[in-house]
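Worksheet: the structure to be examined is printed underneath.
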Amino acid sequence: MLVLKRNHLTSEDLIKAEHVIRKVSLGKLSGLGIDFDVWSWTRAELYGIVVGVFSRLDLLEVLKISQSQLLDFIVDIDRGYISTPYHSFLHAADVFIMTFNLVSYSHVQGYLIDLDLVALLIGALCHDIGHPGLNNLYQVNSKNELAQRYNNESVLEKFSCDETLKLLRKHSLLKYVQTKSNLEIQDHSQGAYVQNAIVKCIMSTDMSVHFGLIEQFTTVVDILTVSPINEEFHEAEYLKEHSSGSYPLPQTGHRQIICNVLLHAADISNTVRPWELCKRWSDVILDEFFFQGDMEKLNNLPISPNMDREHSNQTDISLKFGDFVVKPFFEVLADFCPEVQPLLTNLCENRTRWLSLDNTEPPRRLLTGNNNPSRLSVPAGTLDIPDLPPLPSVLRRHSTDIERKTRRHHLVNIAELTDVELSEPPGEYSKSGLVNIPPSISEVEEEGEEALCYLQAEDISRRANRRSFSLDHTLLLAKKKRFEEAVKSLSTLHEVSSELDNYS
C-alpha cells in the first residue's frame, strides 16, 4: 500500500498509481514505446508509470528506497513544473519514457551501470523543472534576475539543476544509494557520483552544446565500435567471449557522454515519433513560441526567430529543426545503436507529411561566400546553424547508394589507445576540447577490393557528416588533412576528397 509523507493524493489516485506500478514492473503495460501518448494518461497513472519503470529496472534497490518514497519525490517534481504549453510535467514524463526506450535497446544496455541509469532517468524527469515557457534568449535579453544570477549562460538549465538538487536533498533520495556493479566509484560517495551525473545530463540539454555533443559522441562511437571487415576482428572469438552478455565497461567520462546523448536525443525526439505525436508536440511548441513572441513585443525586446505569429510558418520551423538539428544527431546515434534507425525512418516520413500540409518551399542549404549562420529557435533557446551545401549522396552516412552492413560493437581497451585523449571539462563542452580520431581505415591492409571500398565509403561518409555540422572549423580542417594523408594512396577516394575540398 502506497503511503505519502510529504504530499497528498486521493485514495483513488493512490490505487490507480499502485495498479499501474504493478503492471509496469511486470512488463505487462502496453503503450510505453516510442508511440507513448502522454495525454492519454491521468496524472496518477503517469506517476505510477515512472515508479514502475524504476522498479522494473531494479533501481529502487539501488536507491534503497520504497515505492512510496519515490512517489513522494515525483509528486514534488510535478509541482516544481510550471503550467506552460510545452515545458510542463507532461513533457518531462514524455522525455522520461523516451529515455527509457533508448536505454532498453540492446546496444545501449551493456555500456551503462545502474548508477548511470538512476542519474539519467532522474535527469530526464527534472531537466526542465521550473521552466517559465520563455527560453534562454528571452531571459538574457530581458536582463532579469535569473539571467543575472547565472551570468547569462545556460540560464534555465542551471536553474533546473539547482531546483533538482534542492529536491534531492529534501527527500534524501541519494543518501543510501548503493550500486550492484563491481565497478569502483572514484567519487567520495556513490551519492555524489549520481548527483554529478544528473547535473551533467541536465546541462547537456542546453542547445548551445548541441554540436559539441555530436563531436564528442562520434569520438566515443569510434572508440567503442569496430567494423566487421576489420582484419583484427574475429567474429567467432568475439561472440564466444561475450556470449554471456557481459561487456567490459567504458571509462566514466565515456559513459557520461552516452548518458548526455541519450537524454538530449529524448529531449529533441518529437520529430522522430509517429506523425500524430510529432504534429501534436509541434502544435504546443508553437503555442509557447508565439507566447514568447508576444511577450517580446510587449516588452520592446528583439523578437526571436520563428516566434512572431504573424510571420512564422509551422512547416518551415519543423523542417529546419528536423533537417539541421535532429537528423545529424540521430544519424550519429544510429551509428552507435542500429536500433535507432526506425526513428530516422519516422523523421523522413514526417518530413513528407509536413511538405504535404504546406506549399512553402523547404529550407535549403545555400552555398554562400561567407557562410553566415542562420538562426533557428528551439525550445531550449536559439541555435546558430551554418549555411552549408548539401553533401553528395555517396558522402551521407545513411545514403541509400551504399549497401549498409551491420557494425559490431566492441569495447576497446582504452589504455591501448595512447593517441586518443578525451577532454571533458565538468559540465561544459568547449569547442577547443574536441579530440583527435585516428582513421580506422588505416587498420585495413589486405582486405578484398569490394570490402575495402565499402569501408572507405563508410568512414568518409561518417566523418563528412560530422564535418558538415561541427562549429569548430579549424579542428575539422586538421582532421580532414589527416584523413586525406591516410588514404592518399587510394585512387578511388581522390574524387570524393576533391568534392569535400569544394564544400569545406
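The values are calculated or read from the model by the stated rules, or taken from the named source; none is laboratory data. Please read these numbers as outputs of a predicted model, since none were measured by experiment. Cβ: placed from backbone, ideal geometry, glycine included. Neighbour counts: every protein chain shown. Each accessible area value is taken on the protein alone, full model and side chains, heavy atoms only, with ligands, DNA and RNA left out. Shrake-Rupley method; radii C 1.70, N 1.55, O 1.52, S 1.80 Å.
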### Task
For residues that are touching a Leu at 6+ places or on another chain (Cβ under 8 Å) and open to solvent by 10 Å² or more (accessible area, probe 1.4 Å), scanning just region 37-50, find the one that is nearest to residue 19 (Cα to Cα).
47
### Query
Within region 296-336, which residues are more than 18 Å from residue 280 (Cα to Cα), among the polar types (S, T, N, Q), open to solvent by 20 Å² or more (accessible area, probe 1.4 Å) and in contact (Cβ under 8 Å) with a residue 12 or more places away in the chain?
299
#### Entry: residue 142 vs. criteria farther than 30 Å from residue 290 by Cβ and of a type outside the set (Phe, Trp, Tyr)
no
### Any hit, region 51-69, residues being surrounded by fewer than 15 Cβ atoms within 10 Å (Cβ to Cβ), farther than 24 Å from residue 7 by Cα and among the aliphatic types (A, V, I, L, M)
no
### Query
Do we find a residue being in contact with a Pro (Cβ under 8 Å, 6 or more places away or on another chain) and open to solvent by 50 Å² or more (accessible area, probe 1.4 Å) anywhere in region 282-294?
yes
### Enumeration of residues in region 264-281 that are under 21 Å from residue 328 (Cα atoms), in a helix (DSSP H, G or I) and open to solvent by 30 Å² or more (accessible area, probe 1.4 Å)
275, 279
### Query
Restricting attention to region 1-39, which residues are within 25 Å of the chain's Cα centre (by Cα) and part of a helix (DSSP H, G or I)?
24, 38, 39
